[in-house]
Amino acid sequence: VKSKYHLQNCLEVEMAQPMEPETYEKTNVCQLLFIFWPLLLGNVLEWYDFGVYSFLAPNMKDIFFHSSSVSTWAGYAVTFLLRPFGGLINGWLADRYGRRVAVLTSIIGMLVATFGQGLLPTFTCCGDSWGTFGLVLLLILRALQGLSAGGELGPIVSYFAETAPPNRIRAATGLLLSSAGLGFLSANLLVVLVVHVVGPEGMAMWGWRIPFLVSLVPGSIALWGRSKLAESTDFVRLVMERCEDHMDSQSIADGERSRPRLRDYWRAVLIGFLSTCSLAVSYYSGLWCPSYLKSSGLDETSALLASCLFTCIVMASWLVLPFLNDVCCRIDPITITLAGSIGVALVSFPLFYLLSTGDNLRVMSLVVLGSYGLAVGIAGSHVYVFVADLFPIHLRALGFGMSFNVAMAFVGGSTPLINAAILETEWTLGVGLYWSLMSAITSVAAAWGIYCRRSGNLPSHLLGHREEHAKSFKVADEACPGDEI
């Protein structure tokens, strides 16, 4: 249900009405899909672009980078380097002007960047002058993709968390998290299909463009769907509170100065950053493993199969575990993050040892990546809602961007390079130790967060507030049957 509110001449905005308690108690995953599909589809597109470029890296190397692998992956790294800046800019936009404005801005940028890469001139088809021009445009579009994707996550997680029924916040953010894996899988399957249909020569000439150009269809649908979204209920309530105070201009200025800034939440930013390190390293290491397996002698098909198994198990864990937690347990996400990161720290080294020393590499790759996918799925299943819970409404998108996004960009983005650098030293087992070390850091950060929360220095700004509000709403409804609250 939607309605329009005119807020003391401040703004007129369409706001989603909160569900009745008896309605949201019965909310299931299908209903969440129906509510949030434009945001989920756009998030799939974000990770689809990352997947397409990585799976097409051999082609991109030849047509844009004169067969230089280093330059090819440097172009890929541009996207990660720009993600924190996108989180800063679009996070500020979301906290200032609304989540809806921010998610519309990000999907437009991602759609232009992904589709535009499929239209670029290359050295192989257009000569040196146009090829150089195409290379410059490619780097610009990769930068735009980084800004847009980095700016996507904070506002979209905030929108999910603030609009979902109070007893389905964990499930809603878990659904969003699992859509990232769907983007990688979609890219993987489409690239394999195109290679099979057009062949290696066709891919080198024009086939590489198809996965980029295909993004126009889902991206346009996601843009249309997001344009119909109502504003986040909690954000509109925040604006109403500001506008209905009837303060004079001096009081408003004093209020703006006295409102907490992000620097006042340094503890939350630090805990959010460190608590994301385990997911950043373990997830990108799982995606890096196929290249390691191929270099160890495993055929490409078996390596990709093991990678698909890892991604599918992680996706299923991110989808199922938050929903079960909402339905059965209501465990604090920070507790699950602590338990999961301890598990990853304990299993990372033994699993990589088996992978690097096992005899039957085909079977061992499935066993190790399947087991590692389960551990990573448990550890990362609640990280979105955990980090979003650290910040109040007026700083949530920005705080999420400056903690989670920074960790995923710099820690996660550098993980494949660090793994490869450790292997260059011929200390193979150092890779497993690195994975365990980063998960141990997250364990310490999560334990610190639990201590701070129990001592009152790290309040729950999302789950505690929304669930308490829902209980109050339900009590009032029972106290005044038949009245409209």
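The values are calculated or read from the model by the stated rules, or taken from the named source; none is laboratory data. What you see is a predicted model, and the numbers here were worked out from it, not measured in a lab. Cβ sites come from the backbone with ideal geometry, for glycine too, and all protein chains shown count toward neighbours. Quick note on the areas: whole protein, heavy atoms, side chains included, nothing else; ligands and nucleic acids left out. Shrake-Rupley method; radii C 1.70, N 1.55, O 1.52, S 1.80 Å.
Only one entry of 395, 355 meets the criterion of being in contact (Cβ under 8 Å) with a residue 60 or more places away in the chain, of a type in the set (A, V, I, L, M), touching a helix residue (DSSP H, G or I) at 6+ places or on another chain (Cβ under 7 Å) and more than 30 Å from residue 162 (Cβ to Cβ), and that entry is 355. Among the residues of segment 128-162, write down those that are open to solvent by less than 30 Å² (accessible area, probe 1.4 Å) and either of a type in the set (Val, Ile, Thr) or over 19 Å from residue 398 (Cα atoms) (or both). Hits for segment 128-162 are 131, 134, 138, 141, 142, 143, 156, 157. Applying a threshold of 9 Å to beta carbon distances and a minimum spacing of six or more residues, or different chains, the list of pairs starting in segment 54-83 at a residue that is in contact (Cβ under 8 Å) with a residue 60 or more places away in the chain and part of a loop (DSSP other than H, G, I, E, B) and ending at one that is buried (at least 19 other Cβ atoms within 10 Å of the Cβ) and polar (S, T, N, Q) reads 65/72. The set of residues in segment 102-127 being open to solvent by 60 Å² or more (accessible area, probe 1.4 Å) and modelled with pLDDT of 85 or more consists of 105, 108, 112, 119. Exactly one condition in (1) open to solvent by 10 Å² or more (accessible area, probe 1.4 Å); (2) closer than 21 Å to residue 346 by Cα is false for residue 432; which is it? Tallying (1) open to solvent by 10 Å² or more (accessible area, probe 1.4 Å); (2) closer than 21 Å to residue 346 by Cα, residue 432 fails exactly one: (1). Among the residues of segment 148-158, is any touching a residue at least 60 places away in the same chain (Cβ under 8 Å) and among the acidic types (Asp, Glu)? Looking for residues that are touching a residue at least 60 places away in the same chain (Cβ under 8 Å) and among the acidic types (Asp, Glu), one finds at least one in segment 148-158, hence yes. Considering only residues that are surrounded by fewer than 17 Cβ atoms within 10 Å (Cβ to Cβ) and not in a helix (DSSP H, G or I), look in segment 291-350 and name the one that is modelled with the highest pLDDT. Here the residue is 331. Being open to solvent by less than 40 Å² (accessible area, probe 1.4 Å) and under 19 Å from residue 50 (Cβ atoms) is the filter here; which residues of segment 204-217 pass it? Those that are open to solvent by less than 40 Å² (accessible area, probe 1.4 Å) and under 19 Å from residue 50 (Cβ atoms): 208, 211, 212, 215.
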